[in-house]
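The values are calculated or read from the model by the stated rules, or taken from the named source; none is laboratory data. Quick caveat, the model's predicted, so the values are computed rather than measured. Don't worry about glycine lacking a Cβ; one is built from the backbone with ideal geometry, like all the others, and counts go over all protein chains shown.
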């Protein structure tokens, strides 16, 4: 199934995005993980409805790439007064090389799991970027947490650290500079709600509870635990292609 359908106005993924719409603390939490790796000119891969975008520092220049026409309409309306934000309804692989060479960073939040050849996209994208540019991604973690929600969202996988290290071995033009699990509390909650209880969706009440807990959850990221609900990694381009 195409992500254009999943995230269309009546799609399953769009319903979940709507339920997460008021989760300001959650999106700020995710953006806080990404912000240290950004530069002056950045591209967001799969911007959705702009939850993370809204918490990127306003001085940054952002190009929002999104395949869902319905999400593009939301992004355009939400950020039409922001001269430093450009919304693009286009596949990243069809963007011109001139634009790719200008980017300091490409970032994404919960996008790569939708892409069958994730390592190929990372490899090809980094090959078109300038030395020193970064590819930053947050992805869902832990294979044992794969649930009906993941299946409905057309996720090909959830990730472990060894999956990212495998990708790194195929990237001679880049180095892995950051790799960390986070939100272990969310992992436990996901296991109970979506594996044991077999819930099929992320409800508005679920998102409100998570948003309320974020101030407490973020401190658990300081613990060196070997698991989490999410995984963040960063590749840095080292050699000219």
Across region 143-160, the tally of residues that are out of contact with any helix residue (DSSP H, G or I) (no Cβ under 6 Å at 6 or more places or on another chain), farther than 15 Å from residue 117 by Cα and either surrounded by 17 or more Cβ atoms within 10 Å (Cβ to Cβ) or at pLDDT 95 or above (or both) stands at 5
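Here is a yes/no grid of residues against (1) under 12 Å from the mean Cα position of the chain (by Cα); (2) at pLDDT below 95:
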residue	(1), (2)
36	no, no
45	yes, no
74	no, yes
77	no, no
Are any residues in region 79-89 over 19 Å from residue 35 (Cα atoms) and surrounded by fewer than 17 Cβ atoms within 10 Å (Cβ to Cβ), and if so, which ones? 80, 81, 83, 89
All but one of (1) touching a residue at least 40 places away in the same chain (Cβ under 8 Å); (2) not in a loop (DSSP other than H, G, I, E, B) hold for residue 188; which doesn't? (1)
Out of all the residues in region 168-179, is one or more in contact (Cβ under 8 Å) with a residue 60 or more places away in the chain, within 21 Å of residue 129 (Cβ to Cβ) and out of contact with any helix residue (DSSP H, G or I) (no Cβ under 9 Å at 6 or more places or on another chain)? yes
Scan region 126-142 and report the pairs whose first residue is on the phi > 0 side of the Ramachandran plot and whose second residue is modelled with pLDDT of 95 or more, with Cβ atoms within less than 7 Å and a gap of 6+ or a chain change. 132/236; 132/237; 142/158; 142/160; 142/187; 142/227
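Among the residues of region 112-124, is any closer than 16 Å to residue 31 by Cα, outside any loop (DSSP other than H, G, I, E, B) and touching a helix residue (DSSP H, G or I) at 6+ places or on another chain (Cβ under 9 Å)? First the steps, then the outcome.
Residues of region 112-124 that are closer than 16 Å to residue 31 by Cα, as a first pass: none.
For region 112-124, residues closer than 16 Å to residue 31 by Cα, outside any loop (DSSP other than H, G, I, E, B) and touching a helix residue (DSSP H, G or I) at 6+ places or on another chain (Cβ under 9 Å): absent.
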Of all the residues that make up region 90-109, how many are without any contact (Cβ under 8 Å) to a residue 40 or more places away in the chain, touching a strand residue (DSSP E or B) at 6+ places or on another chain (Cβ under 8 Å) and buried (at least 18 other Cβ atoms within 10 Å of the Cβ)? 0
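So how many residues does region 47-72 have that are in a strand (DSSP E or B) and more than 14 Å from the chain's Cα centre (by Cα)?
Final tally of qualifying residues: 3.
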Does region 125-140 contain any residue that is over 26 Å from residue 238 (Cβ atoms) and modelled with pLDDT of 95 or more? yes
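Out of 202, 164, which single residue is crowded, with 19+ Cβ neighbours inside 10 Å and either modelled with pLDDT under 95 or more than 20 Å from the chain's Cα centre (by Cα) (or both)?
Numbers: 164 fails: either modelled with pLDDT under 95 or more than 20 Å from the chain's Cα centre (by Cα) (or both).
The unique qualifying residue is 202.
Would you mind finding the one in 107, 27 that is within 28 Å of residue 218 (Cα to Cα) and assigned to a strand (DSSP E or B)? Break it down into steps so the answer makes sense when it comes.
Values: 27 fails: assigned to a strand (DSSP E or B).
Sole residue among the options that is within 28 Å of residue 218 (Cα to Cα) and assigned to a strand (DSSP E or B): 107.
Taking the conditions exactly as written (outside any helix (DSSP H, G or I), at negative phi, crowded, with 23+ Cβ neighbours inside 10 Å and touching a helix residue (DSSP H, G or I) at 6+ places or on another chain (Cβ under 9 Å)), does residue 43 satisfy them or not? So that I can check it myself, show each step before the final result.
Working: outside any helix (DSSP H, G or I): yes; at negative phi: yes; crowded, with 23+ Cβ neighbours inside 10 Å: yes; touching a helix residue (DSSP H, G or I) at 6+ places or on another chain (Cβ under 9 Å): yes.
So residue 43 passes the test.
When residues of region 50-68 are filtered for being touching a helix residue (DSSP H, G or I) at 6+ places or on another chain (Cβ under 7 Å) and either surrounded by 13 or more Cβ atoms within 10 Å (Cβ to Cβ) or under 27 Å from residue 239 (Cβ atoms) (or both), how many remain?
Going through region 50-68, the residues touching a helix residue (DSSP H, G or I) at 6+ places or on another chain (Cβ under 7 Å) turn out to be 50-52, 54-57, 62, 64-68.
Subset that is either surrounded by 13 or more Cβ atoms within 10 Å (Cβ to Cβ) or under 27 Å from residue 239 (Cβ atoms) (or both): 50-52, 54-56, 62, 64-68.
Summing the residues that are touching a helix residue (DSSP H, G or I) at 6+ places or on another chain (Cβ under 7 Å) and either surrounded by 13 or more Cβ atoms within 10 Å (Cβ to Cβ) or under 27 Å from residue 239 (Cβ atoms) (or both) in region 50-68 gives 12.
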Hits in region 209-241 (condition: more than 20 Å from the chain's Cα centre (by Cα) and either part of a helix (DSSP H, G or I) or closer than 30 Å to residue 97 by Cα (or both)): 209, 212, 213, 215, 216, 219, 220, 222, 238, 239, 240, 241
